[in-house]
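The values are calculated or read from the model by the stated rules, or taken from the named source; none is laboratory data. A quick note: this is a predicted structure, and the numbers were derived from the prediction, not measured. Cβ placement follows ideal geometry from the backbone for every residue including glycine, while neighbour counts extend to all protein chains displayed.
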Amino acid sequence: MGNSALATYYAYSPNHYDGRHGYEVDTLTPHCMGGNCTVETCGEIFAPTSRMASSSYGIGSDGRVAVYVDEDDAPWTSGNRYNDYRAITVECANYGDGSFSNACWESLVQLCADVCRRYGFEGVVYTGDNDYSEVPDGYMLLTMHRWFQETDCPGDWAAERFGQLADAINAAMGGETPSYTPRNNTQGGELDVDGVCGYNTVLDMQHALGTYEDGVISGQWRGYADAIPAVFSVEWGAQGSPMVRALQRLVGAYEDGLWGAVTSRMLQEYLISKGYWCGEAGPDGVFGEWSVRALQRCLNDGRLG
């Protein structure tokens, strides 16, 4: 796809995935730089391989746009490969209170609108989570770094304005932000077998396991995040989840309510025993895309529990 014509500075980072591992770009993830860096300084930060970080673009407080990773490759930005495989990520310079300059904000709006146009989307939506089943056809999804990793990024100032950002991007494209209603699969209908464990998949798990149904796995420890890379509808806190305890009871794991590698492995073994393929790695303790697909098929077949 190349890069946006809005870019005026190029500093390619070696830190990125080669390609996008079969995923299509359908996500925009704005970040904050954690300081008022110029695009040159941000490029220098991403230059060493030891940094192990990058982004697709960067925007300074002066509004200039930089390219750090070609759009054909997935950057290392969000602490979650499944988000980065499908996202254009943008590092934005921020002041001490977390705010973006007007020039930075306007460039972010125009850059996101340009990405939407070039990839054939009508606009963007911000739903407050990363469940792609909630996204209307023809729209990209805005996601936040803090959903995937223990970080403040993009900062409270930006996070509170993601809805406003979606509206501004859509206005720049000459449209409006569409209304949407989360789909409640417990009231009928099948899950999309998309490998993303978001609101609807969690809701169906809660229904199948007989626990409170709110579509969110509560009280999880961030130290276990690597064991559930494709599980997104999560609240962090480490007090444990009643649904996870019920799941652990089902698969024979220790019932602490925290979904880690052991729970992932035992759930994979459970799904495989029922004939669902969890990917070439088998029961490796990492509940990724193919494990979620297996879980979604199991839920659609009414066989969890």
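Table for the structure above
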read-out	value
Candidate set from segment 15-32 (those that are surrounded by 12 or more Cβ atoms within 10 Å (Cβ to Cβ) and part of a loop (DSSP other than H, G, I, E, B)); member that is farthest from the chain's Cα centre (by Cα)	15
The listed residue being crowded, with 17+ Cβ neighbours inside 10 Å, modelled with pLDDT of 95 or more and farther than 22 Å from residue 62 by Cα, out of 100, 121, 148	121
Residue 305 being touching a helix residue (DSSP H, G or I) at 6+ places or on another chain (Cβ under 7 Å), modelled with pLDDT under 95 and either more than 26 Å from residue 84 (Cβ to Cβ) or assigned by TED's automatic domain parsing to the domain that holds residue 79 (or both)	yes
Residue in segment 207-216 that is among the aromatic types (Phe, Trp, Tyr), under 19 Å from the mean Cα position of the chain (by Cα) and modelled with pLDDT under 90 present	no
Residues (out of contact with any Ser or Thr (no Cβ under 7 Å at 6 or more places or on another chain) and among the acidic types (Asp, Glu)) located in segment 76-105	97
Residue within segment 129-139 that is assigned to a helix (DSSP H, G or I), surrounded by fewer than 16 Cβ atoms within 10 Å (Cβ to Cβ) and at pLDDT 90 or above present	no
Residue that is in the same structural domain as residue 218 (by TED's automatic domain parsing), assigned to a helix (DSSP H, G or I), surrounded by 18 or more Cβ atoms within 10 Å (Cβ to Cβ) and touching a residue at least 60 places away in the same chain (Cβ under 8 Å), where the choices are 271, 295	295
Residue in segment 108-115 that is under 28 Å from residue 197 (Cα atoms) and in contact with a strand residue (DSSP E or B) (Cβ under 6 Å, 6 or more places away or on another chain) present	yes
Residues of segment 53-65 classified as touching an Asp or Glu at 6+ places or on another chain (Cβ under 8 Å) and of a type outside the set (S, T, N, Q), total	4
The listed residue being closer than 19 Å to residue 124 by Cβ and not assigned by TED's automatic domain parsing to the domain that holds residue 142, out of 55, 4	4
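Results for (1) hydrophobic (A, V, I, L, M, F, W, C); (2) surrounded by 23 or more Cβ atoms within 10 Å (Cβ to Cβ); (3) touching a helix residue (DSSP H, G or I) at 6+ places or on another chain (Cβ under 9 Å); (4) not in a loop (DSSP other than H, G, I, E, B), shown as yes or no for each residue.
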position: 5; (1), (2), (3), (4): yes, no, yes, no
position: 34; (1), (2), (3), (4): no, no, no, no
position: 45; (1), (2), (3), (4): yes, no, yes, yes
position: 91; (1), (2), (3), (4): no, yes, yes, yes
position: 96; (1), (2), (3), (4): no, no, no, no
